[in-house]
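Engineer: Quick one: the structure is below, and I'll ask about it shortly.
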Amino acid sequence: MTFIRSISGFRGTIGGSEHDNLTPPDIVRATQGYGSWILAGLAGAGREGRPKVVVGRDARPSGDMVQRLVTGTLMGMGIDVIDLGLSTTPTVEMAVVGEAADGGIILTASHNPVQWNALKLLDSRGAFISAEAGAEVIRNSAGTHVFSPVEELGQVTRHDGWIDAHIQAILDLELVDREAIASAGFKVAVDAVNSTGGIAVPKLLHALGVDEVIELYCEPHGHFPHNPEPRPEHLTALSGAVKEHGCHLGITVDPDVDRLAFVCEDGSMFGEEYTLVAVADYVLTHTPGPVVSNLSSTRALRDVATRHGQAYTASAVGEVNVVNAMEETGAIIGGEGNGGVIYPTLHAGRDALVGIALFLSHLAHQAMSASELRKGYPHYEMVKAKIDLNPDWDVDRLLLDFAGTVAELTPSTIDGVKLDLPEGWVHLRKSNTEPIVRVYAESGSTDAAEHLVETYREQLLSCA
């Protein structure tokens, strides 16, 4: 069983002994750490009154228990809560700004299996908290706290309208062409892994004028029908449904709706890495500007940016790092190759819903099939592997030693070690969400990418 404290928040498995899992006492301590950070920010700004935090969750079965603990702890600290109930990560991010809140907590373990849950922490911008703030929250969570007297307890306000508000904000975007989408007569299949995408995605598609929506696993009870990470090996049912029903497209999202992948009309995978590539191509066609993705994302995005005459920047992995790089460069579009689209015109966070609307606008304008659209982009194959961590390893030192062995290849050490090579690239980094080292490589063929993974995986292990 596992409990991970990191700048990304608090993530772990439900049940078992405290300190080693995401148990009720650990949930309370994590919330206390975040609540203390919120209260310190209020005091530092010289503001009076109670702070306000938005809380929403995905549909996994532990969510109700976790939300009650989080909400009660915040109330006990004198913090008001806006309760969105079942929601999506991007919806909570937008609600933080829309409600003028001081922060937000999203209760979701994202792509992790059902036994996991997590507290993902937002600042007042609706963006993930910084590394410095995350470190402070972790320190706070280990301390003691003074709670509010009865007359100063926080209050809870239920707000059920934010998914609708989120969808309306997407419809209002200049680049979302509802008329073109409606005229295209699309039939779309949706796999929402029985989480909150089952609420939001069909509703969005109908609002966009999609003719027919075939729903797979759209009941938000949180019992995932397959591994919830939107990878090809988990999407066989969606692929079959697309072909069986003659759909133009298949859409899948992860449990908290910040990752997005497509299935083409012939049942083939559009490619999770190419979600952002296609959306960026559409956005850059209409709105020139810089582009950002992380170091583990496909080169195809850089190629598309170059094709449009725009600058491309690679950031460290992690949504907060991508967002920071986008703000620094003034990027018009960005995200992560795991299907995470960030369109700052709407808000500064990964958002599968806006990704769907922009992709369908692109597909309607191109007047071609999804598989034809995919063939128009540079082709790369990516291989993703991992190394389970040995508890005795100093992983940061291990990666530093490995970088020394490949110094002649001029490695990037912004985040782990990345090598850009003529035949492709390989990136080795410690995960923020699992006890592993990730080893990703990309090249012109799967065999070539696998060779890069094996070569540098073994070289890293030789440094242990």
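The values are calculated or read from the model by the stated rules, or taken from the named source; none is laboratory data. Worth saying up front: this structure is predicted, and the values here are computed from it rather than measured. All Cβ positions, glycine included, derive from the backbone under ideal geometry; neighbour counts span all protein chains shown.
Engineer: Restricting to the range 426-464, give me the number of residues that are more than 16 Å from ASN390 (Cβ to Cβ), touching a helix residue (DSSP H, G or I) at 6+ places or on another chain (Cβ under 7 Å) and not polar (S, T, N, Q).
Structural biologist: Total meeting the criteria: 3.
Engineer: If I filter the range 1-53 down to residues being touching a Pro at 6+ places or on another chain (Cβ under 8 Å) and in a loop (DSSP other than H, G, I, E, B), which single residue comes out as farthest from LYS430 (Cα to Cα)?
Structural biologist: GLU18
Engineer: Turning to a different aspect of this structure: Given the residues GLY318, GLY335, which is the only one that is at pLDDT below 95 and under 22 Å from GLU229 (Cβ atoms)?
Structural biologist: Going through GLY318, GLY335 in turn, the sole match is GLY318.
Engineer: Look at SER148 and say whether it is polar (S, T, N, Q), farther than 30 Å from GLN168 by Cβ, touching a residue at least 12 places away in the same chain (Cβ under 8 Å) and assigned by TED's automatic domain parsing to the domain that holds ALA40.
Structural biologist: In short, yes.
Engineer: Mind checking which pairs have a first residue in the range 252-277 that is assigned to a strand (DSSP E or B) and a second that is polar (S, T, N, Q), Cβ under 7 Å, 6 or more apart or different chains?
Structural biologist: The qualifying pairs are LEU260/THR275; ALA261/THR252; ALA261/THR275; PHE262/THR275; VAL263/SER239.
Conditions (1) part of a helix (DSSP H, G or I); (2) closer than 30 Å to GLY12 by Cα; (3) among the aliphatic types (A, V, I, L, M), marked per residue:
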residue: LEU419; (1), (2), (3): no, no, yes
residue: ALA449; (1), (2), (3): yes, no, yes
residue: GLU454; (1), (2), (3): yes, yes, no
residue: GLN459; (1), (2), (3): yes, no, no
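Engineer: Mind checking which pairs have a first residue in the range 57-73 that is assigned by TED's automatic domain parsing to the domain that holds VAL156 and a second that is assigned to a loop (DSSP other than H, G, I, E, B) and acidic (Asp, Glu), Cβ under 7 Å, 6 or more apart or different chains?
Structural biologist: ASP58/ASP256
Engineer: Counting only residues that are surrounded by 16 or more Cβ atoms within 10 Å (Cβ to Cβ), of a type in the set (S, T, N, Q) and in contact with a helix residue (DSSP H, G or I) (Cβ under 6 Å, 6 or more places away or on another chain), give me the helices (runs of 4 or more DSSP H) lying completely in the range 93-186 with at least 1 of them.
Structural biologist: 131-141
Engineer: Under 7 Å by Cβ, and 6 or more places apart or on different chains, what pairs join a residue from the range 25-46 that is within 11 Å of ILE79 (Cβ to Cβ) with one that is assigned to a loop (DSSP other than H, G, I, E, B) and of a type in the set (Val, Ile, Thr)?
Structural biologist: Here the result reads GLY35/ILE79; ILE38/ILE79, each pair linking the range 25-46 to a residue that is assigned to a loop (DSSP other than H, G, I, E, B) and of a type in the set (Val, Ile, Thr).
Engineer: For residues that are among the hydrophobic types (A, V, I, L, M, F, W, C), within 24 Å of the chain's Cα centre (by Cα) and either at positive phi or surrounded by fewer than 18 Cβ atoms within 10 Å (Cβ to Cβ) (or both), tally how many sit in the range 386-424.
Structural biologist: Total satisfying the criteria: 2.
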